[in-house]
Amino acid sequence: MTTLPLDGIRVIDFTQVMLGPCCTQVLADYGAEVIKIEKVKIGDLSRWSLGSDPDGLNNPVFCSLNRNKKSLALDLKEPSARKTVQALLETADVVVNNFRPGVMERMGFGYEDLKKINPRLIYAVGTGFGLTGPYQHKGGQDVLAQAVSGVMRRKSDNSHPTSIYATPLADYSAGMHLVQGILLALLQRDKTGEGQQVAVSLYNSMIAMQMQEGTTHLMRQKDLNWGAFPLTGVFETTDGAIVMVGAFKQNPLRDICEALEIEDLSQYPHYKDFDAQMARRPELQAIFRDNFAKNSTAHWIERLEAVDILCAPVRSLPEALRDEQTIINKMILEAGETAAGPIRLIGSPIDMSAAQVSVRFAPPQLGQHNEEILASLSGLQGDAA
């Protein structure tokens, strides 16, 4: 059997929805034993997304973030259930939660409480805005972080109204930052023998995602918008759309014109360099639009790639999932069958030559592992769901 990097690491997972579960799924994928603590009869709120049955395996939102985990359903209002959790925490390497500040403390599971009984514990927290400061108790959610951080306004074309990004950028990036923090803390524990608290927030992750743009503003008081560069854009074709990035070359405008089979615009003074092109971006974009509209996406991809201009077709997610490259990259995993059909999941983007991700456990039913986990705790028989 293949040894995975996190074999032997026990994670107690209080998280739900996305930030926390996408973090703990990475840990689970790479060998950690992840025990998901869920509320009796309710479970992770994502079990109820799309109106699905919380006890079933028909909910793609829940399934997408919870493979390779064990579910322990408890009523944490009951002393016996809290005793069960404390026993697990005494043997854990990592505990993860994404509650608002103060919730874990009120249950007796705050960092200061737990480091007394397990000094080696890595205490990982994902919040909306941080553990301190004026927003610490504000409800956190992906869309709010997009808005408050400035990300939502960073669209390439400011003529369009501000809108929500359809993909949960903040949740996923914060979840991956939390993975990084946990792994760093585990490495430091190997050196010091001591655990520590690791905290990330949706807000900080969105600020960090804008590191180049933010640094440009801090150092030059200028806006940096990669999507608004003069030779970059999305253009309709006769059968779809194409995205082009005219950069990283000495004279990309000349090469674009060659691909479009039009005169070399770079020979004119008003298009001679980046600043001149930026000043006349609307004119250039209109020229590109008019020409791309004359032929197919495949035609323009071939023409642009022939002169080494970066480009790609603009596709839907279903189209991307059918792509041969997606299959070769092992980005679709099979996790068994339910009455509603096969469980097909998005795989890990990390490709390790000596540690391949697989589905060891399908996404669990609520409380599926109660008996197994409770039996492993000598002398404890907590409340089963």
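Is it the case that SER296 is in contact with an Asp or Glu (Cβ under 9 Å, 6 or more places away or on another chain), in the same structural domain as LEU27 (by TED's automatic domain parsing) and small (Gly, Ala, Ser)? Break it down into steps so the answer makes sense when it comes.
Numbers: in contact with an Asp or Glu (Cβ under 9 Å, 6 or more places away or on another chain): yes; in the same structural domain as LEU27 (by TED's automatic domain parsing): no; small (Gly, Ala, Ser): yes.
No, not satisfied.
Looking at ILE42 and the list (1) more than 20 Å from GLY195 (Cα to Cα); (2) assigned to a helix (DSSP H, G or I), which single condition is not satisfied?
Single failed check for ILE42: (2).
Restricting the search to region 81-107, which residues are modelled with pLDDT under 95 and among the small types (Gly, Ala, Ser)?
The answer is GLY102, and nothing else.
Anything in region 236-261 that is acidic (Asp, Glu) and in a strand (DSSP E or B)? List them, or say none. Steps first, answer last, please.
From region 236-261, those acidic (Asp, Glu) are 236, 239, 255, 258, 261; that's our starting set.
Of everything in region 236-261, just one residue is acidic (Asp, Glu) and in a strand (DSSP E or B), namely GLU236.
Within region 69-82, is even one residue part of a strand (DSSP E or B), surrounded by 23 or more Cβ atoms within 10 Å (Cβ to Cβ), touching a residue at least 12 places away in the same chain (Cβ under 8 Å) and of a type in the set (S, T, N, Q)?
Checking region 69-82: at least one residue is part of a strand (DSSP E or B), surrounded by 23 or more Cβ atoms within 10 Å (Cβ to Cβ), touching a residue at least 12 places away in the same chain (Cβ under 8 Å) and of a type in the set (S, T, N, Q).
Residues VAL26, VAL11, VAL85: which one is over 18 Å from VAL359 (Cβ atoms), among the β-branched types (Val, Ile, Thr) and crowded, with 19+ Cβ neighbours inside 10 Å? Walk me through how you get there before you give the answer.
Values: VAL26 fails: over 18 Å from VAL359 (Cβ atoms); VAL11 fails: over 18 Å from VAL359 (Cβ atoms).
It is VAL85.
Restricting to region 88-106, and then to whatever is of a type in the set (D, E, K, R) and part of a helix (DSSP H, G or I), can you tell me which residue is surrounded by the fewest Cβ atoms within 10 Å (Cβ to Cβ)? Show your work before the answer.
Taking region 88-106 as the starting set, the residues that turn out to be of a type in the set (D, E, K, R) are 90, 93, 100, 105-106.
Narrowing the set further to residues that are part of a helix (DSSP H, G or I) leaves 90, 105-106.
Details: GLU90: 12, GLU105: 13, ARG106: 9.
Out of the qualifying residues, it is ARG106.
Look at PHE274 and say whether it is of a type in the set (Phe, Trp, Tyr) and in contact with a helix residue (DSSP H, G or I) (Cβ under 8 Å, 6 or more places away or on another chain).
Numbers: of a type in the set (Phe, Trp, Tyr): yes; in contact with a helix residue (DSSP H, G or I) (Cβ under 8 Å, 6 or more places away or on another chain): no.
It is false that PHE274 is of a type in the set (Phe, Trp, Tyr) and in contact with a helix residue (DSSP H, G or I) (Cβ under 8 Å, 6 or more places away or on another chain).
Considering ASP308, ASP290, which residue is surrounded by fewer than 17 Cβ atoms within 10 Å (Cβ to Cβ) and in contact with a Lys or Arg (Cβ under 9 Å, 6 or more places away or on another chain)? Spell out the reasoning first.
Details: ASP290 fails: in contact with a Lys or Arg (Cβ under 9 Å, 6 or more places away or on another chain).
Being surrounded by fewer than 17 Cβ atoms within 10 Å (Cβ to Cβ) and in contact with a Lys or Arg (Cβ under 9 Å, 6 or more places away or on another chain) holds for just one of ASP308, ASP290, which is ASP308.
Can you tell me which residues in region 342-366 are crowded, with 16+ Cβ neighbours inside 10 Å and outside any loop (DSSP other than H, G, I, E, B)?
ILE343, LEU345
Would you pick out the residues in region 185-201 that are under 15 Å from GLY126 (Cβ atoms) and part of a helix (DSSP H, G or I)? Give the steps one after another, and end with the answer.
Initial filter on region 185-201 (under 15 Å from GLY126 (Cβ atoms)): 185, 197-201.
Listed by number, the list holds a single entry, ALA185.
Quickly run through region 117-128 and pick out the residues that are among the β-branched types (Val, Ile, Thr), under 13 Å from LEU89 (Cβ atoms) and either in contact (Cβ under 8 Å) with a residue 60 or more places away in the chain or not assigned by TED's automatic domain parsing to the domain that holds THR192 (or both). Quick ask: steps written out before the conclusion?
Quick first cut of region 117-128, residues among the β-branched types (Val, Ile, Thr) only: 117, 122, 125, 127.
Restricting the remaining residues to those that are under 13 Å from LEU89 (Cβ atoms) gives 117, 122.
Selection gives ILE122 alone.
Conditions tested, residue by residue: (1) loosely packed, with under 12 Cβ neighbours inside 10 Å; (2) in contact (Cβ under 8 Å) with a residue 12 or more places away in the chain; (3) part of a loop (DSSP other than H, G, I, E, B).
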{"position": "GLY108", "(1), (2), (3)": "no, yes, yes"}
{"position": "LYS115", "(1), (2), (3)": "no, yes, no"}
{"position": "LEU131", "(1), (2), (3)": "no, yes, yes"}
{"position": "PRO134", "(1), (2), (3)": "yes, no, yes"}
{"position": "LYS155", "(1), (2), (3)": "no, yes, yes"}
{"position": "ALA166", "(1), (2), (3)": "yes, no, yes"}
{"position": "MET176", "(1), (2), (3)": "no, yes, no"}
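Run down LYS115, LYS69 and say which single residue is charged (D, E, K, R) and under 13 Å from GLN16 (Cα atoms). Break it down stepwise before answering.
On the way: LYS115 fails: under 13 Å from GLN16 (Cα atoms).
Every option except LYS69 fails the conditions.
The values are calculated or read from the model by the stated rules, or taken from the named source; none is laboratory data. Keep in mind it's a predicted model, so treat the numbers as computed, not measured. Neighbour counts are summed over all protein chains in view; Cβ atoms, including those assigned to glycine, are modelled from backbone coordinates with ideal geometry.
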